[in-house]
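A.B. asks: Here you go, one structure.
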Amino acid sequence: MITTQPSPRSRRHKRRATASTTRLDIQGLRMVAVLLVIVDHLFGWPQGGFIGVDVFFVVSGFLITGLLLRQYDNTGSISFASFYRRRARRIVPIATLVLVLTSAAGAVVYASSRAESIGLDAVWAFFFASNWRFAIEGTDYFNADAAMSPLQHYWSLSVEEQFYFVWPALMFAIGLLVARRSWPTNVKRGISAAVMGVIVALSFAWALHETATDRSWAYFSTFTRVWELGVGALLAIGAGWISHLPSTTRAPLAWLGLGTIGVGAFVISESGAFPAPQAAIPVVGAAMVIAAGVGGNTPFIAPLTNKVSVYIGDISYSLYLWHWPIIVIVGSIMDVSGYYYVTVLFAAFGLSVASYHFVENPIRRSNFLEPKAVRADARRRRKNRLGSKDYSPAVRYAGLGALTLVTVAVAAFSLEPLDPPASPPARSATDTAVEADEVAASLGPAQSALAAEIDVAVNATEWPTLSPTMDDAITGAQAPGGIAECGLVDRPDAAQCTWGAPDAPKTIMVLGDSMAMSFVQPIKTFAEASGGEWKARSEAMFGCTFVDMDVRTPDADTSAACPERKAAAIAAVNEVKPDVVVITNLHTDIAAELWIPGVKRLTDQFAPNVGKILILAAPPNDKKPADCYTRTSTPADCLSRVTDTWKARSRADRNLAYRVGGTYVDTRSLFCTPDNFCPSFVGTTPMKSDSAHMTIEYGAKVAQAFGELLDANGV
């Protein structure tokens, strides 16, 4: 038997035929989506770049629904086995590769607690359930103080796959109904559109509710995101009608869609009403771009259809999977600089090009998971090719390009200048200047001893043997048992949250959120060591900022209980008439012009019944131990500075204290040197569990110095 190998010309013709079925404008739209996500995650600009994920949802809903409809039209049925085999070949291999390599990198770079957490994230992601994991944990995707998971971006993949576990079955059921009643295809389309329309409406309504009540669940929940995929599905169902759009409207519609996405990237923010209703902006924009190309090519849309845009769209899935682990893990071992940006970008693109051509495409085009007969037929066809090469010149060039990109990334990583010595640089006038309204005070003996230890820690070049370990500190609670319970939604009675001599003549009460809860321990110690002079009572609550504003937290129960708890705290102050009220809150991004009157409106309700109001500064917050403490780090890597943001908040709190007739207490001396350098440990005690909250052990360590600080401020 004589066999012939297909000519290069016939192979090129076959490739062109395959390419002609690809919507170039959609590939370009994928490019827009993935680049928006990357620049937002890497540079923090534009502020709404994360809406690229919403664009992906619309594209995915359109393409997959279109595939299912074509299959039904051609065969009269939907093969679930065939559908899920294709999805598995398309999604699982590269997703699994990134999960495995990220988990391995996490084990090499991070200490055990964070490495174990990443491994658990990988398990959830492998089973397409990571969105539920992050929602259950109450992760704030935008501003979580805990360390960010390098696998957190898998939540969107989980949402998509959960949608595709249900939607094909619904379409199949609709098809059976239409076939049984011998209804025409248009009826099937109409019923499908009606079903999906109801799903979209219900999901959007639920997203509105969840956005207003529980931001974390709203962001990660499948039920609040289905409407975005559903809009894409509606476009596919209505493609026959949309295809009749006049050709003269296609280009303006596509450009209007792109402009809408661009506007969304700049006007949508992490603090806005997202995902509902603000996600409607990128969803509608993506829908307009897709609709413009239904039934015919969109003219004059070269930014989407040029070869570079289409290629980036081709590799967008790999690029999305790789970029975030690289940003997080490389960011843990490099300072943010030009070298860091080059390393991240070139590594992300290099690995994406390689995985697209050597993992994604070969497996997606293979017969992996196909029935035995299909695999046997494929083997016979391969034998008839006389051993022809599978890798085209284009693929070989892609391999060379990927190697070049990764080499540049490695070079940038290697060429980053070595870290400066662990000791802080010379003190500048800005660092050492005393604020105009800040009064320098002499330190007590405990404060002086603590300051000496802090200075030693700032200049340390090696990690001491910490107790507890930094791993335990990172995962530790923000308040010890017996105190933490007082800050929960369901708290014990007031007697269990009061410490010191019951008949003490003086009372100090604590108000605020989790930051106040972390200060309760040293305040409790102060009262118990006062020789029966003081007793202390906590009216603080985790996640409940003491300000007359609606400050939402990821936990719905906390958000719901907070207004009542603030009212109860005010009532308790008016009943007890304490000698001192201490107010402290976690640093927030609330503007000073809103913050000061917001707190004052609450203090005005009890000020006549209080001897003294102390506005206690939260510790300077900069680096997170979970990010900077790695297997290769030094103490200098975790050395923090007093940030400009903290200084601005300090000025606002100082102004607040003046406005309420109280006293501002600067706590920097408990955490930092006079020139504003703050170590991650003092002696052998880790200082903080995250960027702001001190560890329980450090709270005990500074208790005596804190007592001296209170004494110096008239307590």
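The values are calculated or read from the model by the stated rules, or taken from the named source; none is laboratory data. Here the structure is a predicted model, which means the values were calculated and not measured. Glycine also receives a Cβ, built like all others from the backbone with ideal geometry; neighbour counts cover every protein chain displayed. Please note that ligands, DNA and RNA were not included when accessible areas were found on the heavy atoms of the full protein model with its side chains. Shrake-Rupley method; radii C 1.70, N 1.55, O 1.52, S 1.80 Å.
A.B. asks: If exposed means no more than 12 neighbouring beta carbons inside 10 Å and the site is in a DSSP loop, what's the longest run of the chain without any exposed trypsin sites (Lys or Arg not before Pro)?
C.D. replies: For trypsin sites (Lys or Arg not before Pro) (loop position, at most 12 other Cβ atoms within 10 Å), the longest site-free span of the chain is 390-630.
A.B. asks: Using a basic spin-label model with each label point 7 Å from the Cα along Cα→Cβ, how many nm lie between GLU137 and THR404?
C.D. replies: 3.9
A.B. asks: Roughly speaking, what % of Cα-Cα pairs in the chain are separated by over 49 Å, rounded to a whole number?
C.D. replies: The share of Cα pairs beyond 49 Å in the chain comes to 27 percent.
A.B. asks: Sticking with this structure for a sec: Report, in whole Å, the centroid distance computed from the Cα atoms of the range 658-715 and the range 608-632.
C.D. replies: 8
A.B. asks: Expressed as a rounded percentage, what relative contact order does the range 479-610 have, with Cα pairs under 8 Å and six or more residues apart?
C.D. replies: Reported as a whole number, the value is 29 percent.
A.B. asks: Can you give the angle from 0 to 90° between the axis of helix 514-528 and the longest principal axis of the chain, with both taken from C-alpha atoms, to the nearest 10?
C.D. replies: Its long axis makes an angle of about 20 degrees.
A.B. asks: So how tilted is helix 393-415 from the main axis of the chain? Cα-based, degrees 0 to 90, rounded to 10.
C.D. replies: For 393-415 against the chain, the angle is about 10 degrees.
A.B. asks: Give me the number: length gained by fully extending ALA169 to ALA648, i.e. 0.36 nm times residue separation minus the C-alpha to C-alpha distance, one decimal in nm.
C.D. replies: Result: 166.9 nm gained on full extension.
A.B. asks: Which length gain, in nm to one decimal place, applies between LYS612 and LEU208 when the Cα-Cα distance is subtracted from 0.36 nm times their residue separation?
C.D. replies: 141.1 nm
A.B. asks: Let me ask you something else. Quick one: if you stick a label point 7 Å off each Cα along the C-beta vector at ARG631 and GLU575, how many nm between them?
C.D. replies: Inter-label distance under the simple model: 5.5 nm.
A.B. asks: Can you give the FRET efficiency to the nearest 0.05 for THR249 and LYS307, using r as the Cβ-Cβ distance and R₀ = 35 Å?
C.D. replies: 0.85
A.B. asks: At R0 = 60 Å, how high is the FRET efficiency between THR185 and MET334 if r is their beta carbon distance? Nearest 0.05 is fine.
C.D. replies: 0.60
A.B. asks: Report the extension gain between ALA193 and ALA88 in nm, rounded to one decimal, defined as 0.36 nm multiplied by the number of residues separating them, less their alpha carbon distance.
C.D. replies: Stretched out fully, the ALA193 to ALA88 stretch lengthens by 35.1 nm.
A.B. asks: Next question. Would you calculate, for the chain, the mean residue ellipticity at 222 nm contributed by helices, counting each DSSP H stretch of 4 or more residues as -39,500 (n - 2.57) and dividing by all residues, to the nearest 500?
C.D. replies: Computed ellipticity for the chain at 222 nm equals -18500 deg cm²/dmol.
A.B. asks: With contacts defined as alpha carbon pairs under 8 Å and 6 or more residues apart, what's the relative contact order of the chain in percent?
C.D. replies: 15
A.B. asks: Could you do me a favour and compute the accessible area per residue for the chain, 1.4 Å probe, result in Å²?
C.D. replies: Per residue, the chain has 44 Å² of solvent-accessible surface.
A.B. asks: Which net charge results when you count Lys and Arg as +1 and Asp and Glu as -1 among the other residues whose beta-carbon is under 13 Å from that of TRP595?
C.D. replies: Taking every Cβ under 13 Å from that of TRP595, the sum is +2.
A.B. asks: Turning to a different aspect of this structure: Which order do peptides 239-247, 482-490 fall in by mean Cβ count within 10 Å, highest first?
C.D. replies: My ranking of the peptides, most packed first, is 482-490, 239-247.
A.B. asks: On the protein heavy atoms, probe 1.4 angstrom, tell me the percent of accessible surface of the chain carried by carbon and sulfur.
C.D. replies: Of all accessible area on the chain, carbon and sulfur atoms account for 61 percent.
A.B. asks: Calculate, for VAL284 and LYS372, the FRET efficiency according to 1/(1 + (r/R0)^6) with r their C-beta to C-beta distance and R0 41 Å; round to the nearest 0.05.
C.D. replies: After rounding, the FRET efficiency stands at 0.30.
A.B. asks: Something else: Mind ordering 401-412, 283-294 by average Cβ neighbours within 10 Å, highest first?
C.D. replies: 283-294, 401-412
A.B. asks: Going by alpha carbons, how many degrees (0 to 90, nearest 10) lie between the helix axis of 112-126 and the longest principal axis of the chain?
C.D. replies: In the chain, helix 112-126 runs at an angle near 30 degrees to the longest axis.
A.B. asks: Pairs of Cα atoms under 8 Å, at least six residues apart: use those to get the relative contact order of the range 576-715, whole percent.
C.D. replies: Worked out over the range 576-715, it gives 27 percent.
A.B. asks: As a test question: what accessible area, to the nearest 10 Å², does HIS587 have when a 1.4 Å probe is rolled over all protein chains in place?
C.D. replies: In the full protein context, HIS587 sits at about 40 Å².
A.B. asks: Within the range 474-505, list the residues whose amide N lies under 16 Å from a label point set 7 Å along Cα→Cβ of SER112.
C.D. replies: 474-476, by backbone N distance to the label point.
A.B. asks: Output needed: Cys residues of the chain lacking any neighbouring Cys C-beta below 4.7 Å, sorted by number.
C.D. replies: none
A.B. asks: Please give the net charge around ALA473, taking every other residue with its beta carbon less than 11 angstrom from that of ALA473, where Lys and Arg add +1 and Asp and Glu add -1.
C.D. replies: Here the charged neighbours net out to -3.
A.B. asks: Which shape class, rounded, prolate or oblate, goes with the range 211-349 when its Cα gyration tensor gives a ≥ b ≥ c as root eigenvalues, a/c under 1.5 marks rounded, and past that a/b bigger than b/c marks prolate?
C.D. replies: Oblate.
A.B. asks: A further question follows. Modelling each spin label as a point 7 Å along the Cα-to-Cβ direction, I'd like the ASN655/VAL395 distance in nm, to one decimal.
C.D. replies: 6.4
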